[in-house]
1. Among GLU74, GLU85, which is within 16 Å of ligand 2 (Cβ to nearest atom) and not small (Gly, Ala, Ser)?
2. For HIS147, which of the numbered conditions (1) away from ligand 2 (no atom under 16 Å from the Cβ); (2) out of contact with any strand residue (DSSP E or B) (no Cβ under 9 Å at 6 or more places or on another chain); (3) part of a helix (DSSP H, G or I) fails to hold?
3. I want to confirm something. Restricting to region 15-30 and keeping residues that are in a loop (DSSP other than H, G, I, E, B) and within 11 Å of ligand 1 (Cβ to nearest atom), which single residue is surrounded by the fewest Cβ atoms within 10 Å (Cβ to Cβ)?
4. Is it the case that LYS57 is among the charged types (D, E, K, R), touching a strand residue (DSSP E or B) at 6+ places or on another chain (Cβ under 6 Å) and not in a strand (DSSP E or B)?
5. Could you please tell me which pairs satisfy a Cβ distance under 7 Å, a separation of 6+ or placement on different chains, a first residue in region 77-88 that is without any contact (Cβ under 8 Å) to a residue 24 or more places away in the chain and within 20 Å of GLY189 (Cα to Cα), and a second residue that is among the polar types (S, T, N, Q) and outside any loop (DSSP other than H, G, I, E, B)?
6. Mind telling me which of the residues ASP63, ASP12 ends up being in a loop (DSSP other than H, G, I, E, B) and not hydrophobic (A, V, I, L, M, F, W, C)?
7. Of the numbered conditions (1) more than 15 Å from ligand 1 (Cβ to nearest atom); (2) touching a residue at least 24 places away in the same chain (Cβ under 8 Å), ASP190 fails exactly one; give the number of that condition.
8. Being farther than 20 Å from GLU188 by Cα, more than 16 Å from ligand 1 (Cβ to nearest atom) and surrounded by fewer than 21 Cβ atoms within 10 Å (Cβ to Cβ) is the requirement here; does GLN50 meet it?
Amino acid sequence: MLSSVKTFVFLDLEATGLNKYLPKITEICLVAAHISSLQNPVTNEFGEMQLPRVLDKLCLCVDPEKTINRYASEISGLNNKNLGENEKQNFNSGLIVLIKEFLDRQAKPVCLVAHNGFKFDFPLLKTELKEQGNDFSSSLLCLDTLHVFQELDTLENGAPKKGKGFYTLSELYRRSVGKEPIDSHHAEGDVQMLIMIFMSKAKQVIEKTSYSFKMWSEISPMYVTRR
Ligand code: DCM
Ligand code: MG
């Protein structure tokens with residue numbers, strides 16, 4: 001199934017807090033890359049893998065209409081004050097149109113990719129869509145790179161690696177790119193790291209991982225407050 005995907009859309013959300021606080025989105029970043037670019041990474045004069053030149057990007061800050069937890073503000077740099085001062089809009093139907101049109105421009109089939117996406121980004125996005133009485137096409141696929149890298153280690157070594165933090169986005173980035181993370185917890189920075197990590201194992205991810213993707217229709221909302 002994954003082998004037929006033509007566009008991978010890398011997704012990261014910043015939010016007011018973790019799942020148990022019924023979070024709202026404060027920032028969304030979607031970056032679309034065609035499979036041809038992901039499978040044939042360009043390198044610079046030092047032989048270092050580069051982000052694809054041809055990318056479509058949609059990054060927006062969002063007024064969550066909810067108090068942003070202190071820790072979430074600290075790591076993301078987004079707080080109720082700066083989002084308010086900058087007169088950011090809430091997660092409204094206009095934003096949903098933008099996202100849907102963005103996805104619709106991409107060569108299909110399209111697969112969303114997020115790190116820890118099954119637990120956090122996809123259910124939270126589903127909640128925000130459902131709050132507006134909306135949803136994405138059921139033909140959309142989604143892939144969680146946390147599961148992907150655990151699945152690849154299981155295939156290679158019989159089990160995923162243990163140890164706290166082994167599969168965090170930053171750690172995977174350090175290991176696969178050999179550099180310190182840049183702009184962690186900024187939605188675009190996290191997406192850029194995610195693309196680099198994905199490209200470093202693109203062939204294995206597409207050919208070998210079979211359990212790490214779902215249909216968008218299989219994703220349940222993180223929580224439901226109305227409708
Ligand atoms: N988050 C949090 N506490 C953490 C980790 C994350 O409240 N320990 C929230 C705030 C972030 C959002 O989750 O904006 C997304 O996390 P990340 O930046 O890792 O994508
Ligand atoms: Mg992030």
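1. The conditions single out GLU74.
2. (2)
3. Filtering first and then ranking leaves LEU18.
4. Criteria not met by LYS57.
5. ASN79/SER73
6. ASP63
7. Only one criterion is unmet by ASP190, namely (1).
8. no
Read-outs: derived from the displayed coordinates by stated rules, not from any lab. Just so it is clear, the model here is predicted, and its values are computed rather than measured. With ideal geometry, Cβ positions are generated from the backbone for all residues, glycine too; neighbour counts draw on all protein chains shown.
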